[in-house]
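What follows is calculated from the coordinates using simple rules that are stated; it is not laboratory data. These numbers come from a predicted model, not from an experiment. No Cβ is skipped: glycine too gets one built from the backbone with ideal geometry, and neighbour counts run over all protein chains shown.
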Amino acid sequence: MGITNRKWEKAVELIFLFSALISVFSLAAITVYLFARGFPAIREIGAINFIFGMEWNPTADNPSYGIFPMIYASAASTAGAVILSVPVGLSAAVLLAAVAPSCLANLIRPCVDLLSSIPSVVYGYFGLTVIVPLISEYLGGPGNSLLAVIVLLAVMILPTIIKISENSLRAVPVEIIRGSYALGATKTETIFKVMIPAAGTGILSSIILGIGRAVGETMAVILVCGNAVQIPRSVLDMVRPMTANIALEMSYADPFHESALFGTGIVLFIFIAAVNIIINILSGRITGRNMSVQPVLKNRTEG
C-alpha cells in the first residue's frame with residue numbers, strides 16, 4: 001500500500017513538473033520567436049533611433065521608424081489607469097473583506113465578477129459611445145484622447161485589483177487582527193496599519209496583473225485613443241499606444257515594416273518584464289518586513 005502511494009505521489013509530481021515546464025517552454029518559445037522576427041529591423045534602424053525616434057511613417061518614400069511617441073502613450077495611459085484604479089480598487093477590496101456586511105458583499109461581489117467577464121470590444125464600444133462624447137462635450141477636444149484611454153483602462157483593470165486584493169486581505173491571519181484589537185487599535189487603524197501591510201504582496205500582485213492588462217490591451221484602446229502618432233501636450237490630445245500600432249498596421253505591412261512592428265513588440269515585452277521585476281523586488285521587501293513584524297505583534301498580544 002505504501003509503495004503504491006509513493007508511486008502515485010511520484011506520478012503526480014511529474015505531472016506538476018510537466019505542467020510547469022510547459023509554461024516555461026511557452027514563454028521561451030514566444031521570446032525567441034519575437035526577438036528573431038523583430039531584432040533584424042532594430043539592428044538596421046539602430047536601437048537608439050528606433051526607441052527614441054519621434055516620427056513613425058513606414059509608407060513614406062523615405063520611411064521613418066521611431067516609436068518613442070507610442071512608448072510615451074503606453075506608459076502614460078498605463079500609469080494614469082493605475083493611479084485611478086488602485087485607490088478605488090483597494091477601497092472596494094477593503095469594503096468587501098472587512099467592512100461590508102455579508103448581504104452587501106454578496107451583492108457587490110457578483111457585479112465585480114461580471115465586470116471582469118465583459119469582452120474588450122464591448123468596453124471599447126462603451127468608451128467610444130459614452131466616454132469619448134462626454135470628454136468632448138465637457139472638456140473639449142475630439143474626445144478620442146489619452147484621457148479616454150486612461151479612464152477606460154482604469155475601469156477594465158478594476159476587477160483584477162479588487163478580486164486579488166480582497167483575497168489577500170481575507171488571507172491575513174486572524175491572530176494578527178485580534179492582536180491589533182488587543183493592543184487597543186480601532187477597526188480603521190487595524191485595516192490600514194495591519195491588514196493592508198500584511199496583504200501587501202497580494203495587493204502588489206494585483207497591480208502587476210492590472211499593469212499587464214493595461215499595457216497589453218488593444219481593441220478597446222484602438223477605439224478611443226484617436227490613433228495619432230504624437231507626444232500629447234495634454235490628456236485631451238490623441239495618442240497611439242504600441243499595441244494599437246501593431247494591430248493597425250500588421251495586416252498591410254511589408255517584410256521590413258512587419259519586422260519593425262515585431263521590434264515594437266520586443267520593446268513592449270521588455271517594458272512589461274521590467275515592471276514585473278521591479279514590483280516583485282518591492283513585493284519581496286514587503287514580505288520580509290511583514291515576517292519580521294508579525295511575530296513581534298503576536299508576542300505583544302500573548303504577553
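Counting helices only, and only those DSSP H runs with n ≥ 4, report the 222 nm mean residue ellipticity of the chain as the sum of -39,500 (n - 2.57) divided by its residues, in deg cm²/dmol to the nearest 500.
Details: 13 runs with 225 residues, N = 303.
Computed ellipticity for the chain at 222 nm equals -25000 deg cm²/dmol.
Which value, in debye to the nearest 20, gives the size of the charge dipole of segment 2-50 about its Cα centre, when Lys and Arg are +1 and Asp and Glu are -1 at the Cβ? Please report the intermediate quantities before stating the final value.
Numbers: 5 positive and 3 negative charges, 28 e Å.
With Lys and Arg at +1 and Asp and Glu at -1, about 140 debye.
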Under the 7 Å Cα-to-Cβ spin-label approximation, Ser116 and Met250 lie apart by a distance in nanometres of 2.6 nm
Could you work out how far helix 102-117 tilts from the main Cα principal axis of the chain, as a 0 to 90 degree angle to the nearest 10?
-> 30 degrees
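What do you get for GluC sites (Glu not before Pro) in segment 1-105 restricted to DSSP loop and a cutoff of at most 16 other Cβ within 10 Å of the site's Cβ? Write down the numbers at each step before the final one.
Working: sites: Glu9, Glu13, Glu44, Glu55; in loops: Glu55.
In loop regions of segment 1-105 (DSSP not H, G, I, E or B), the sparsely surrounded GluC sites (Glu not before Pro) are Glu55.
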By average C-beta atoms within 10 angstrom, highest first, the peptides 142-151, 63-72 | 142-151, 63-72
In degrees, nearest ten, helix 200-216 long axis to first principal axis of the chain (Cα) | 20 degrees
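Got the relative contact order for segment 1-92 handy, in percent, Cα pairs under 8 Å and 6 or more residues apart?
Numbers: 37 pairs, mean separation 12.5, N = 92.
Relative CO of segment 1-92 lands at 14 percent.
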Rg and Dmax [Cα atoms of the chain; Å; Rg one decimal, Dmax integer] | 23.5, 79
Note, segment 244-257: 3J(HN,Hα) by Karplus (6.51, -1.76, 1.60, θ = phi - 60°), whole Hz, Gly/Pro = x, goes 5, 4, 5, 5, 6, 10, 5, 5, 10, 6, 6, x, 6, 4
